[in-house]
Number of protein chains: 2
Amino acid sequence: MARKSTDRSGRPTLVDVAKEAGVSAITVSRTIRSPEIVSAAARQKVEAAIRKLGYTPDPAASALASHSTSTIGLLVPSLTNNVFSDVLRGVYDGVEGTRYFVQIGNYRYSALEEEGLIRNFLSQRPAGLVISSMDQTPAARALLESAPCPVVQIMEIADRAVDMSVGFDQLAAVRAGARHLFDCGYRRPGFLSARMDPRAQRRLAAFRDFNEAAGVLDDRRIMTTPQPSSVGMGRLLMEQLLSRAPETDAVMCNNDDLAVGALMEAKRRNIPVPSMLGICSFNDIEMVRQMVPSLTAVASPRREIGVRAIAMLLAEIAEPGSVADRHVDLGYQMIARESTSRR
Amino acid sequence: MARKSTDRSGRPTLVDVAKEAGVSAITVSRTIRSPEIVSAAARQKVEAAIRKLGYTPDPAASALASHSTSTIGLLVPSLTNNVFSDVLRGVYDGVEGTRYFVQIGNYRYSALEEEGLIRNFLSQRPAGLVISSMDQTPAARALLESAPCPVVQIMEIADRAVDMSVGFDQLAAVRAGARHLFDCGYRRPGFLSARMDPRAQRRLAAFRDFNEAAGVLDDRRIMTTPQPSSVGMGRLLMEQLLSRAPETDAVMCNNDDLAVGALMEAKRRNIPVPSMLGICSFNDIEMVRQMVPSLTAVASPRREIGVRAIAMLLAEIAEPGSVADRHVDLGYQMIARESTSRR
DNA sequence: TTGAAAGCGCTAACAA
DNA sequence: TTGTTAGCGCTTTCAA
């Protein structure tokens, strides 16, 4: 008997705090969650007791009783991709100082794994979900549509978002890059892309469309691979491109890694950039502008996407339906640097 | 009344499954957690019922009743640092397919924030903890020492680890780099380091010790900054180094970003690498070997550290005290490439 | 503004 | 091998 409260693991409970403060357990609970509805006198007694006992709430008990946790689930397709490490940073900056935690799920560019992770997250009663794709399986979409928590889809702007979304117009961004190459006078542009997930496919399509309209499309200059993106892959694709289409005078790279690789391969072959070869990158991680020559890039607002996604989620958690702008376009930037400045 | 089970959110509970299968709740619980101790007949009925109802266990209830979760806490000092993104990848590869989840805490190179995160994680009854540093506050150390779960400290090998550790000998690794520069004939080596956390300080000390013994130390050639590491910072430090000590004929960089930056700065100034300037990097992320010229580096087993840390944790969770090698040295590799090959 | 009672959905401990 | 009983530590009613 008497194995009530302060016994197991010596950790104090709400009841211990209540006894110490001479109030009921629920008053302690309220003092923690919404201090404003508790009288100042009670609050002070409770706060003193909490401090004295070193009380920390048990999130499991809270989750069980309230049917919700402080966990925000974040689904990303990859952990190695630099793009997502910036988004991640934004997300963590966004939850900093709040009572929320982020749990990352990596679905490795597999829609099926993504579906499993969504199911899994949902069973944990998350406070909210951030999802990096628009291309779920029908089952996954159905799960999200009936999710008991807010959901933000990130990276793209799209009408097909389930609940909220924040990103930028990926296709317009690619077109801006293609147009930039054209405007710089390059007339035999190529395209390099790894990891051909649906988003990469769409970007390639946008590149083709623009160049076709401009009368400079040649599919021989489009080099892709399903393998992951890396600097080494950029070198390899560049090498293949140049052997297949030696006339190529510019490349649009679907990713910063590839662009750096393309630059290195050009350097190895003593092909002068930008005079003989123009290079335009996509995303614009820090290293890109430090290259010599510095690389022109279409910059994506990766960190901001993360920060904003969390802000939207938190607002919606605090007051469901309160977020007015449910689909936010953060824009992109065309940043011209040395790698395309022929004039 | 009758608001028992399948009502709130329509989600089925253990009791629903038990009724459907015609067994007791605890039998369902056992079927899920340790199927081998349940009769085949019961197991099949339960499994069918689970499938029929689409039952998913509630982790909060489980955590409350059992006093432990499936969460593995991972504390990292930074999310931008490439080094940790590889460790992260290893960690996620390690938990892949297990019932465990990873929750990342970013303490931003602050021992105080780290202490707060440890406290926070511990209040969530984690299954295990992975910590990226050896330099906790005394309070944080005390928390870890009395943690009710296994703890693995990663990156370094050190006798002062609280419970288990996996990493490599950081000081020997730096000495290997310094020796390599010396062996290549460089006699006026410099050192570049950003983010002077305790680990970076120790590596710098190792560099000084080696060069002092070799008779080639000059503190004017040591350039450091408390700011974060980046390619741009590498360029800046290199620039400062060259203007302060123009005689410098080699640099050991405390981080891959810095080494790439140093290479770019050399390129901009038309300083030939490796003939006039040798460069040795530390960690060896993919991009390093794709540079032109390729960069010599001391390679750290980052992904392996993550994988191994999880393996040790899981083994220890499954059977406390079962991990025999509690302090694992995964070694480093000195990889000579073009950036130091003068001969 | 405060409290009492009744669970949330699961598992530990014991008994059969 | 299976079941019964009694909570885990909190929050949700509802009442005062």
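The values are calculated or read from the model by the stated rules, or taken from the named source; none is laboratory data. In this text, all values refer to a predicted model and were calculated from it rather than measured experimentally. Glycine gets a Cβ as well: all are built from the backbone with ideal geometry, and neighbour counts include every protein chain shown. Please note that ligands, DNA and RNA were not included when accessible areas were found on the heavy atoms of the full protein model with its side chains. Shrake-Rupley method; radii C 1.70, N 1.55, O 1.52, S 1.80 Å.
Overview of values
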read-out: Residue match in segment A:335-342 (condition: surrounded by fewer than 18 Cβ atoms within 10 Å (Cβ to Cβ) and touching a Phe, Trp or Tyr at 6+ places or on another chain (Cβ under 9 Å)); value: yes
read-out: Matching residues, segment A:171-188, being touching a residue at least 40 places away in the same chain (Cβ under 8 Å) and open to solvent by 10 Å² or more (accessible area, probe 1.4 Å); value: A:ALA172, A:ALA176, A:HIS180, A:CYS184, A:GLY185, A:ARG187, A:ARG188
read-out: Residue in segment A:59-73 that is under 30 Å from A:GLN227 (Cβ atoms) and either within 12 Å of the chain's Cα centre (by Cα) or within 16 Å of DNA strand C (Cβ to nearest atom) (or both) present; value: yes
read-out: Filter pass, B:ASP86 being open to solvent by 30 Å² or more (accessible area, probe 1.4 Å) and either more than 13 Å from DNA strand D (Cβ to nearest atom) or touching a Leu at 6+ places or on another chain (Cβ under 8 Å) (or both); value: no
read-out: Subset of segment A:220-238 that is open to solvent by 60 Å² or more (accessible area, probe 1.4 Å) and more than 26 Å from the chain's Cα centre (by Cα) - its residue that is farthest from A:ARG108 (Cα to Cα); value: A:ARG220
read-out: Qualifying residues in segment A:263-279 (those that are farther than 16 Å from A:GLY177 by Cα and of a type in the set (A, V, I, L, M, F, W, C)) - the one farthest from the other protein chains (Cβ to nearest Cβ); value: A:MET276
read-out: Matching helices (runs of 4 or more DSSP H) fully within segment A:246-343 where at least 2 residues are among the acidic types (Asp, Glu); value: A:256-268, A:302-318
read-out: Where a residue in segment B:55-76 is closer than 15 Å to A:ALA61 by Cβ and at the interface with another protein chain (Cβ under 8 Å from one of its Cβ atoms) and its partner, wherever it lies, is surrounded by 20 or more Cβ atoms within 10 Å (Cβ to Cβ) and of a type in the set (Lys, Arg), with Cβ under 7 Å and at least six apart; value: B:ALA60/A:ARG125; B:ALA63/B:ARG125; B:HIS67/B:ARG125; B:THR69/B:ARG125
read-out: Segment A:220-236: number of residues that are over 18 Å from B:VAL288 (Cα atoms) and either assigned to a helix (DSSP H, G or I) or hydrophobic (A, V, I, L, M, F, W, C) (or both); value: 4
read-out: Residue match in segment B:14-21 (condition: surrounded by fewer than 18 Cβ atoms within 10 Å (Cβ to Cβ), in contact with a helix residue (DSSP H, G or I) (Cβ under 8 Å, 6 or more places away or on another chain) and at pLDDT below 95); value: yes
read-out: Residue list for segment B:38-54, filter: among the small types (Gly, Ala, Ser) and either away from chain A (no Cβ under 14 Å) or in a helix (DSSP H, G or I) (or both); value: B:SER39, B:ALA40, B:ALA41, B:ALA42, B:ALA48, B:ALA49
read-out: Candidates B:LEU217, B:LEU241, filtered to the one that is open to solvent by 30 Å² or more (accessible area, probe 1.4 Å) and more than 14 Å from chain A (Cβ to nearest Cβ); value: B:LEU217
read-out: Tabulated pairs, segment B:312-333, first touching a residue at least 40 places away in the same chain (Cβ under 8 Å), second open to solvent by 90 Å² or more (accessible area, probe 1.4 Å) and among the small types (Gly, Ala, Ser), C-beta under 9 angstrom, 6+ apart or interchain; value: none
read-out: Among (1) aromatic (Phe, Trp, Tyr); (2) assigned by TED's automatic domain parsing to the domain that holds B:GLU212; (3) at pLDDT below 95 - the single one B:PHE182 does not satisfy; value: (3)
read-out: Options A:ASN283, A:ASN270: the member that is of a type outside the set (Ser, Thr, Tyr), surrounded by fewer than 24 Cβ atoms within 10 Å (Cβ to Cβ) and closer than 30 Å to A:GLU96 by Cβ; value: A:ASN283
read-out: Every residue from segment A:138-154 that is open to solvent by 10 Å² or more (accessible area, probe 1.4 Å) and under 19 Å from the mean Cα position of the chain (by Cα); value: A:ARG141, A:CYS149, A:PRO150
read-out: Qualifying positions in segment B:41-53 - more than 42 Å from the chain's Cα centre (by Cα) and hydrophobic (A, V, I, L, M, F, W, C); value: B:ALA41, B:ALA42
read-out: Of all residues making up segment B:220-238, the number that are within 14 Å of chain A (Cβ to nearest Cβ) and of a type outside the set (Lys, Arg); value: 11
read-out: Restricting segment B:105-123 to residues that are assigned to a loop (DSSP other than H, G, I, E, B) and buried (at least 20 other Cβ atoms within 10 Å of the Cβ), the residue that is farthest from the other protein chains (Cβ to nearest Cβ); value: B:TYR109
read-out: Every residue from segment B:41-68 that is within 11 Å of DNA strand D (Cβ to nearest atom), small (Gly, Ala, Ser) and surrounded by 14 or more Cβ atoms within 10 Å (Cβ to Cβ); value: B:ALA42, B:ALA60, B:ALA61, B:SER62, B:ALA63
read-out: Flag for A:ARG99 being in contact with a Leu (Cβ under 6 Å, 6 or more places away or on another chain) and open to solvent by 30 Å² or more (accessible area, probe 1.4 Å); value: no
read-out: Every residue from segment A:22-34 that is assigned to a helix (DSSP H, G or I) and polar (S, T, N, Q); value: A:THR27, A:SER29, A:THR31
read-out: Test set (1) outside the structural domain of B:VAL307 (by TED's automatic domain parsing); (2) in contact with a Leu (Cβ under 9 Å, 6 or more places away or on another chain); (3) open to solvent by less than 20 Å² (accessible area, probe 1.4 Å) - B:ILE32 fails condition number; value: (3)
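The rows are residues; the columns are (1) of a type outside the set (Phe, Trp, Tyr); (2) touching a Ser or Thr at 6+ places or on another chain (Cβ under 6 Å); (3) not in a helix (DSSP H, G or I).
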| residue | (1), (2), (3) |
| --- | --- |
| A:GLU20 | yes, no, no |
| A:GLU36 | yes, no, no |
| A:ALA63 | yes, yes, no |
| A:SER68 | yes, no, yes |
| A:GLY73 | yes, no, yes |
| A:VAL91 | yes, no, no |
